[in-house]
Amino acid sequence: QVQLVESGGGLVQPGGSLRLSCVAFGGTFSLMTMGWYRQAPGKQRELVAAAAGDGSTNFANQVKDRFTISRDNAKKSVYLQMTSLKPEDTAVYYCSAQWGIRIYWGQGTQVTVSS
């Protein structure tokens, strides 16, 4: 069983930055593919960025020039650095961990981009 705890959301003005953090409890972190998803009101949850255990990463097209994902296996943590935030980035952001055939989710953290 894996538990994920996110932090770092909040209210930020357009053009601003935020850093989300997620700590994993349980499991073998280095073998997990860690990801960040988001869900805006009335929309489906979508992948924002992912980081595999080998260090490879991928990003959604709409964020790849603005967001960075990183992981610290020693701290069992994954981070999402968000810059040049736009109102359309407003959503609940979820940390995910894929380990074997199972996917685990955090509780979500709200990010609101507004002036």
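The values are calculated or read from the model by the stated rules, or taken from the named source; none is laboratory data. Quick caveat, the model's predicted, so the values are computed rather than measured. Cβ coordinates were reconstructed from backbone atoms using ideal geometry, including for glycine residues, and neighbour counts include every protein chain displayed. In case anyone asks, the SASA skips ligands and DNA or RNA and just uses the protein heavy atoms, side chains included. Shrake-Rupley method; radii C 1.70, N 1.55, O 1.52, S 1.80 Å.
Here are the numbers for the structure shown:
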{"quantity": "Whole-Hz couplings from phi, Karplus 6.51/-1.76/1.60, listed for region 23-31; x for Gly and Pro", "calculated": "10, 9, 10, x, x, 10, 4, 5, 9"}
{"quantity": "Cα-projected label distance for T112 with Q39, points at 7 Å along beta-carbon direction, nm", "calculated": "1.9"}
{"quantity": "Whole-angstrom gap from region 41-87 to region 1-27, using each part's C-alpha centre", "calculated": "10"}
{"quantity": "Highest-fluctuation residue, L80, L11, L20 considered, GNM on the chain with Cα pairs under 10 Å", "calculated": "L11"}
{"quantity": "Per-residue HN-Hα couplings for region 95-101 [Karplus 6.51, -1.76, 1.60; θ = phi - 60°; Hz; x = Gly/Pro]", "calculated": "8, 10, 9, 9, 9, x, 9"}
{"quantity": "Percentage relative contact order, the chain, counting C-alpha pairs under 8 Å, at least six apart", "calculated": "37"}
{"quantity": "Probe 1.4 Å, protein heavy atoms only - accessible area per residue of the chain in square angstrom", "calculated": "53"}
{"quantity": "Phi to ³J(HN,Hα) by Karplus 6.51 cos²θ - 1.76 cosθ + 1.60 over region 58-69, Hz, x for Gly, Pro", "calculated": "8, 9, 5, 4, 6, 10, 4, 9, 10, 10, 10, 10"}
{"quantity": "Simple Cβ-charge dipole of the chain, Lys/Arg +1 and Asp/Glu -1, about Cα centre, in debye nearest 20", "calculated": "80"}
